[in-house]
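Below is one structure, written out as C-alpha cells, with a few remarks after it.
The values are calculated or read from the model by the stated rules, or taken from the named source; none is laboratory data. Remember, predicted model here, so these are calculated numbers, not experimental data. Cβ: placed from backbone, ideal geometry, glycine included. Neighbour counts: every protein chain shown. Side chains are part of the model used for accessible areas, which takes the heavy atoms of the whole protein and leaves out ligands, DNA and RNA. Shrake-Rupley method; radii C 1.70, N 1.55, O 1.52, S 1.80 Å.
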Amino acid sequence: PDNNKGNETMKNRWMTLSVATVLAALTLGTTIAEAAGVLTIGRREDSTTFDPIKTAQNVDNWVFSNVFDVLIRVDKTGTKLEPGLAESWTVSDDGLTYTFKMRDAKFSDGSPITAGDAAFSLLRIRDNKGSLWSDSYKVIDTAQATDDKTLVVKLKNPSAPFLSNVSVLSKKAVEAGEDAFGELPTASSGAFIVKEWRRGDRVILEKNPNFWQADRVKLDGVEWISVPDDNTRMLNVQAGELDTAIFVPFSRVEELKKDANLQVLIETSTREDHLLINHEHGALAKKEVRQAL
C-alpha cells in the first residue's frame, strides 16, 4: 500500500478502482494529503507463512513487502535498481564480485541490521532445505560479512537477477525458532511489524518505529483481511467496511465505474501461466506410451 494514503475520517470520501490485467484493486480513502489510521485491504486468500523463502505466492509476497525491507530495491518503473538496506554497492569488472555497504538501520526489536544478517539471508535462500528459491541462488559461491557494514558476495558466474527482492531477516530471530518465525516474526526490517495473524481472517500490521524510513510512513497500520467471495468484498468496500479490495471481478468493472463514489484507474500488469508436471506420473505416462507402441 502507498504510505501516502490512509483512511482518516473526512466528509468527502472517495473510492478508487484500479484494474490491472490480472489484479484489480478497489480503494476507499481520503485525499492524498497527510494520511493516518489503519488501511484495510480485502483479498481472497489468507497468508500461508511469514518466511519469505517458503512460499512463492503473491498473497504472501504482498505482505512481505510491508514487513521486510530488501538489500536493493527495484524502482517503480521496474527498470532501475535503487538503494535499500544497502546504501551503495560496487561490481567487479568480471561481474563476479559484489560489495555492498549497509546503511545504519535497525530491526523492529531495536537490534542493528548488519552485513551478517544480509549474508545469512542470502545463504539461507540458497541452502535451506525448505527454500523454494534455492535454484535461483545457487549462482552464489560465497556471501561474507567482512565487517558489520560490508557484505561481499562472490558468484560462480555473472548474474544480475540474484539482486532482486532479497528480504533481509534477523539471523538471531530466525535461529531462535524457524517455525515460530514463520508464524509470527519477532523482528521486522520493513515499514511494519506483524502484530497478529488471525488465520482465515486477517493479518494485522502496525507501524515499525525503528524502520530507517519511518518518517515517510504515514499509516499507523495495515490490515490484510480475507474475504473469499468477490461480490461480498466489493459490497464491503462500497459500504465503507474496507478501504481497499483486490481481485475485482472484471464483469463488474463497468458497473462500478458508474458509481459516483468510485474512481476507476486502469493499470498495466503482466501474467504468467505455468504447467507443472509431476515427475513420477510423467515417467509412468511415458512408460505406458512405449508399451502401447
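Do we have residue 79 as modelled with pLDDT of 95 or more, outside any helix (DSSP H, G or I) and among the polar types (S, T, N, Q) here? No. When you look at residue 157, is it under 19 Å from residue 113 (Cα atoms) and open to solvent by 20 Å² or more (accessible area, probe 1.4 Å), yes or no? No.
Within the stretch 35-58, the set of residues being under 27 Å from residue 237 (Cβ atoms), of a type in the set (D, E, K, R) and open to solvent by less than 10 Å² (accessible area, probe 1.4 Å) comprises just one member, 43. Tell me yes or no: at least one residue of the stretch 250-268 is surrounded by 12 or more Cβ atoms within 10 Å (Cβ to Cβ), at pLDDT below 85, over 23 Å from residue 48 (Cα atoms) and among the polar types (S, T, N, Q). Among the residues of the stretch 250-268, at least one is surrounded by 12 or more Cβ atoms within 10 Å (Cβ to Cβ), at pLDDT below 85, over 23 Å from residue 48 (Cα atoms) and among the polar types (S, T, N, Q), which makes the answer yes. What residue, among those in the stretch 157-173 that are in a loop (DSSP other than H, G, I, E, B) and more than 19 Å from residue 128 (Cα to Cα), is modelled with the lowest pLDDT? Ranking the candidates gives 160 first.
Residues 237, 227, 168, 194: which one is within 16 Å of the chain's Cα centre (by Cα), open to solvent by less than 60 Å² (accessible area, probe 1.4 Å) and more than 30 Å from residue 90 (Cα to Cα)? From the options 237, 227, 168, 194, the qualifying one is 194.
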